[in-house]
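Working notes, structure below.
Where a number appears in this text, it was derived from the coordinates with a stated rule and is not lab data. Being a predicted model, the structure only gives us computed values, none of them experimental. So basically every Cβ, Gly included, is an ideal-geometry build from the backbone, and we count neighbours across all protein chains shown.
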Amino acid sequence: MGPEEAGAKVKLATTRYEDLAEQLEAAKEHLFDAYADAARKGLGPEELADGSPFTTDYIARRLRERGVGSG
């Protein structure tokens with residue numbers, strides 16, 4: 001493999017990584033939108049954290065950012 005081919009592989013890998021990072025961030029926002037909807041229906045951060053990749057404190061903070069829950 002020459003330098004041009006190596007550079008092309010790096011560019012492709014970088015593009016794939018950036019695309020996945022964008023998808024991950026979008027999925028995270030959708031998840032927190034769902035958490036906010038659930039919290040408005042009465043579920044608390046402790047319940048939402050059960051089985052979640054996020055801690056209760058992080059969920060509570062993100063809910064407050066969305067105007068859900070107490071300060």
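Here is how the numbers come out for the structure above:
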{"quantity": "Aspartates and glutamates with Cα under 14 Å of Lys11, excluding same-chain neighbours fewer than 8 positions away", "calculated": "Asp19"}
{"quantity": "Ranked Tyr17, Tyr58, criterion: other C-beta atoms within 10 Å, fewest first", "calculated": "Tyr17, Tyr58"}
{"quantity": "Inter-label distance, nm, simple model (7 Å from Cα along the C-beta direction), Gln23/Glu65", "calculated": "2.3"}
{"quantity": "Residues Phe32, Phe54 arranged by fewest to most Cβ contacts within 10 Å", "calculated": "Phe54, Phe32"}
{"quantity": "Local net charge near Val68, Cβ-Cβ under 13 Å (Lys/Arg +1, Asp/Glu -1)", "calculated": "+3"}
{"quantity": "From the coordinates shown, Cα Rg over 2.2 N^0.38 Å corresponds to which of (i) 1.57; (ii) 1.43; (iii) 1.67", "calculated": "(iii)"}
